[in-house]
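Visitor: Below: one structure in structure tokens.
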Amino acid sequence: MNRVFIAEKSDAWREVLNAALKDDFHVTIWPNGKDFHEILKSDYYHVIILDLEDSREENFDLLRWIRSSIPATPVIITSSTDRTEVVVKAVKQGAFDFVVKPFSGAKICHAVQQAIENRSLRNEVEYLRHTQDIVYDFGRIIAFSPVMKSVVNNLKKFAQTDSTILLTGETGTGKSFLSGTIHFNSSRRDKPFIHINCANIPETLLESELFGHEKGAFTGANKLRLGRFEQAHGGTIFLDEIGEISPAIQAKLLRVLENKSFERVGGNRTIHSDVRVIVATNRNLQDQIASGRFRQDLYYRINVLSLRLPPLRERTQCIEPLAYWILEKVCAGLKKRIEAFSGECMDWIRSYPWPGNIRQLSNMIERAVILEEGSVISRESIMVTDQEGSLFSSRPAAAGAYEVQPGGGPESAYGNQTLEEREREAIIKALEKSLWIQKDAALLLGVSPRSLNYKIKKFGISHERWRKHRPESEDRYDYKV
């Protein structure tokens, strides 16, 4: 629960503030006679509410001290005066909001909630800024193939402009990462970078997510919400899977690109936002235009600068260094010490077509690290997924490598373990790592939740946390994910 500190002289207003906030926040009221500075030094608060009555310098001492000592904590000023000089001075000294008495409980609750949301957004931006020198560095992009060297050279040029960029390419080729690289190497690097996956948000919510909504705009809209375009003002917004948005939202997006303006859902006030837009898709937008699913005028607006990211099979020189970079990252996360891939294993990795590209390679290596018990990734630990989402080993069919099992199908045998036994072991290890949350284990394994649910039933895998929430009459292994 978010913590609010109240520094209010009047007992009556203390009661009003406490009654308004206590149900939604953890409230601490400044005890009279206690050292204000020591209290704030010794405890952590998300918002401070500070009473201020006039423009005398001593009344601003506390505000100045807060802004210098704990600058990340927003301060809301409450006052019985609305004189312009007091309001202006408070804002210049760093106050987040200025609320004039008398005020309602709803008004102060709204002010506190807005302060918390603003702080959360700033924290996210500051985190990205802090990591950008390490993560979003052109020099760290693995580009050993001629085609990727050309891509990086073009991205460096694109980063120096404010033009809209269209990134195309298969799923898993790195469009999201490279959009961040463009932003953090541009003149907008000190402003927000907002990432939206349009395919992951239901159409009914996407408009509100992008453009915000007014209080009461629809059922459940109990407060004003700033949209992503508004939050990204001065920075960059990345719209992944642009080919999935509806015609209605396409029309509104076209206006944003043309005029840099929009209205919140349920509102009529025009909002202007200076935003650089990068979009990405794995679809053929020309085909979608021909079928009437994508607006041609919007395509022209997003296709000012365009770049196709090649799949891994077209940049084979990058595969081995990528694999070792991923291995180091995964081992650090799992706290395992695996130093290399066997020669046979790396030969297979280089020759595999990788239809899921870098994302599939990363998932495969993470599974291998989980399974591997030695210091080198062996070929037997490499398992990939087919189009149905089933796991299978990289071991090819060779003399003695396969044997026909009862039931008719071939099973790859490794010593005393069949492929099914190794698949069951991989699933259990992924579930253990995911704390037996099936959707997280499915993501780790690179399969759909439905495919994982089928395998759990097939292999008779169970866990106490699943059973205790289900009636005895239900299928023991038919779990919701």
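Visitor: I'm trying to understand the selection: among the residues of the range 276-294, which are surrounded by 18 or more Cβ atoms within 10 Å (Cβ to Cβ) and basic (K, R)?
Guide: Matches in the range 276-294: R276 only.
Visitor: Please tell me if S273 is farther than 25 Å from C109 by Cα, surrounded by 19 or more Cβ atoms within 10 Å (Cβ to Cβ) and in the same structural domain as G169 (by TED's automatic domain parsing).
Guide: yes
Visitor: So, F144, is that one among the aromatic types (F, W, Y), touching a residue at least 24 places away in the same chain (Cβ under 8 Å), closer than 23 Å to Q114 by Cβ and assigned by TED's automatic domain parsing to the domain that holds R276 or not?
Guide: no
Visitor: Is it true that some residue in the range 96-111 is touching a Phe, Trp or Tyr at 6+ places or on another chain (Cβ under 6 Å) and either modelled with pLDDT under 90 or loosely packed, with under 14 Cβ neighbours inside 10 Å (or both)?
Guide: Among the residues of the range 96-111, not one is touching a Phe, Trp or Tyr at 6+ places or on another chain (Cβ under 6 Å) and either modelled with pLDDT under 90 or loosely packed, with under 14 Cβ neighbours inside 10 Å (or both), which makes the answer no.
Visitor: A further question on this structure: Is there a residue being at pLDDT below 80 and aromatic (F, W, Y) anywhere in the range 26-38?
Guide: Yes, the range 26-38 contains a residue that is at pLDDT below 80 and aromatic (F, W, Y).
Visitor: Select from the range 282-338 the residues that are closer than 18 Å to E170 by Cβ and part of a loop (DSSP other than H, G, I, E, B) and list them in ascending order.
Guide: N282, R283, N284, L309, P310, P311, R315
Visitor: In the range 222-264, what count of residues is obtained for those that are surrounded by fewer than 16 Cβ atoms within 10 Å (Cβ to Cβ) and part of a loop (DSSP other than H, G, I, E, B)?
Guide: Result for the range 222-264: 5.
Visitor: Taking the condition of being out of contact with any strand residue (DSSP E or B) (no Cβ under 7 Å at 6 or more places or on another chain), at pLDDT below 85 and not charged (D, E, K, R), how many residues in the range 112-121 meet it?
Guide: 3
Visitor: On to the next question. I'd like to check something: does the range 328-335 contain any residue that is surrounded by 14 or more Cβ atoms within 10 Å (Cβ to Cβ) and touching a strand residue (DSSP E or B) at 6+ places or on another chain (Cβ under 9 Å)?
Guide: For the range 328-335, residues surrounded by 14 or more Cβ atoms within 10 Å (Cβ to Cβ) and touching a strand residue (DSSP E or B) at 6+ places or on another chain (Cβ under 9 Å): absent.
Visitor: Enumerate the pairs (first residue in the range 439-466 and within 24 Å of I365 (Cβ to Cβ) and touching a residue at least 12 places away in the same chain (Cβ under 8 Å); second residue anywhere and crowded, with 18+ Cβ neighbours inside 10 Å and of a type in the set (G, A, S)) with beta-carbon separation below 6 Å, excluding pairs fewer than 6 apart on the same chain, so at least 6 apart or on different chains.
Guide: Final answer for the pair search is A441/A430; L444/A430; L445/A430; P449/A442; L452/A442.
Visitor: Given the criterion acidic (D, E) and touching a strand residue (DSSP E or B) at 6+ places or on another chain (Cβ under 6 Å), identify the matching residue among E244, E230, E214.
Guide: Selected residue: E230, the only one of E244, E230, E214 that is acidic (D, E) and touching a strand residue (DSSP E or B) at 6+ places or on another chain (Cβ under 6 Å).
Visitor: For the range 75-97, which positions are within 26 Å of R3 (Cβ to Cβ) and in a helix (DSSP H, G or I)?
Guide: Hits for the range 75-97 are A90, V91.
The values are calculated or read from the model by the stated rules, or taken from the named source; none is laboratory data. Quick caveat, the model's predicted, so the values are computed rather than measured. No Cβ is skipped: glycine too gets one built from the backbone with ideal geometry, and neighbour counts run over all protein chains shown.
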